[in-house]
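Heads up, the thing below is written out as structure tokens.
The values are calculated or read from the model by the stated rules, or taken from the named source; none is laboratory data. A quick note: this is a predicted structure, and the numbers were derived from the prediction, not measured. Reconstructed Cβ throughout: ideal geometry from the backbone, glycine too, with neighbour counts over all protein chains shown.
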């Protein structure tokens, strides 16, 4: 398989294309954000080199999307370092919320954001934010583990030996496209088109509506057990998770 040797010409996967189409209609906050507090001495210069060094080995994290039909562009990822010891806890909290919720432009922005914030003499926050079009939560966790292992290994003077992959995402895209073009793939597509045909009208109705991302806030409040049971019952009746129900309630209160 050609892999990323034809990187800019690798077509989009089915999932990539769907997310790209949705973003073309309206910028979505389809993001994954993670934060980790690091306490103790840190070699900031080494961290700035080691983390991007691992990330940039994977073209999918360096990918940006342009035009129609979509073509890929690749730029190296950089890590931003900021000393914010002068900021209050409230301002830091506000900054973290803004960082994690601000949208990303698929063609212009670095779709995997890496930031190291120094909040005290020996305390840091390592932030990552990425667009769901390039990764998912599981992949991001694996990337974190490998990147931090690289830093810790190099910190004690050893050389980090990166994992050698036999396949990459480009290989998967080629496999997926070959499958979809096959007789079996065509049968599968016909089956699901027929199966989901009755849902087409509902999908069109949803596409015409304003898309609102789930927004919530931290609220420390005791809820009476009886009220809590009623809230859970209403969420179940609406066929949504308790989190989604509470987030929707927060939006209604905020919009009101």
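Can you confirm whether region 228-238 contains a residue that is closer than 24 Å to residue 134 by Cα, at pLDDT 85 or above and surrounded by 14 or more Cβ atoms within 10 Å (Cβ to Cβ)?
Let us first name the residues in region 228-238 that are closer than 24 Å to residue 134 by Cα, namely none.
No, there is no match, as no residue in region 228-238 is closer than 24 Å to residue 134 by Cα, at pLDDT 85 or above and surrounded by 14 or more Cβ atoms within 10 Å (Cβ to Cβ).
Would you check if residue 103 is over 30 Å from residue 159 (Cβ atoms), in the same structural domain as residue 19 (by TED's automatic domain parsing) and more than 13 Å from the chain's Cα centre (by Cα)?
Details: over 30 Å from residue 159 (Cβ atoms): yes; in the same structural domain as residue 19 (by TED's automatic domain parsing): yes; more than 13 Å from the chain's Cα centre (by Cα): no.
Against the criterion (over 30 Å from residue 159 (Cβ atoms), in the same structural domain as residue 19 (by TED's automatic domain parsing) and more than 13 Å from the chain's Cα centre (by Cα)), residue 103 does not qualify.
Quick grid of which residues meet (1) free of Cβ contacts under 8 Å to residues at least 12 places away in the same chain; (2) in the same structural domain as residue 98 (by TED's automatic domain parsing); (3) surrounded by 14 or more Cβ atoms within 10 Å (Cβ to Cβ):
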| site | (1), (2), (3) |
| --- | --- |
| 118 | no, yes, yes |
| 124 | no, yes, yes |
| 137 | no, yes, no |
| 150 | no, yes, yes |
| 156 | yes, yes, no |
| 165 | yes, yes, no |
| 190 | yes, no, no |
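May I ask you to say which residue of 148, 116 is part of a helix (DSSP H, G or I) and modelled with pLDDT of 90 or more? Give the steps one after another, and end with the answer.
Values: 116 fails: part of a helix (DSSP H, G or I).
After applying the criteria, what remains is 148.
If you go through region 19-53 one residue at a time, how many are part of a helix (DSSP H, G or I) and at pLDDT 85 or above?
The initial filter retains those residues of region 19-53 that are part of a helix (DSSP H, G or I), namely 19-25, 44-53.
Within this subset, residues satisfying the condition of being at pLDDT 85 or above are 19-20, 44-53.
The number of residues fulfilling the criteria is 12.
Going by the structure shown, is residue 5 under 30 Å from residue 154 (Cα atoms), at pLDDT below 90 and loosely packed, with under 13 Cβ neighbours inside 10 Å?
Values: under 30 Å from residue 154 (Cα atoms): yes; at pLDDT below 90: yes; loosely packed, with under 13 Cβ neighbours inside 10 Å: yes.
So residue 5 passes the test.
If you go through region 54-96, how many residues are part of a helix (DSSP H, G or I) and more than 15 Å from the chain's Cα centre (by Cα)?
Residues of region 54-96 part of a helix (DSSP H, G or I): 54-55, 59-62, 89-96.
If we keep only those that are more than 15 Å from the chain's Cα centre (by Cα) too, we end up with 54, 59, 89-96.
Adding up the residues that qualify gives 10.
Find the residue count for region 47-103, including only residues that are out of contact with any strand residue (DSSP E or B) (no Cβ under 9 Å at 6 or more places or on another chain), without any contact (Cβ under 8 Å) to a residue 40 or more places away in the chain and surrounded by 15 or more Cβ atoms within 10 Å (Cβ to Cβ).
Total satisfying the criteria: 1.
For region 167-179, what are the residues that are in contact (Cβ under 8 Å) with a residue 12 or more places away in the chain and part of a helix (DSSP H, G or I)?
169, 170, 171, 172, 173, 174, 175, 176, 177
What is the number of the single condition among (1) assigned to a loop (DSSP other than H, G, I, E, B); (2) within 18 Å of residue 51 (Cα to Cα) that residue 129 does not meet?
With (1) assigned to a loop (DSSP other than H, G, I, E, B); (2) within 18 Å of residue 51 (Cα to Cα) applied to residue 129, the lone miss is (1).
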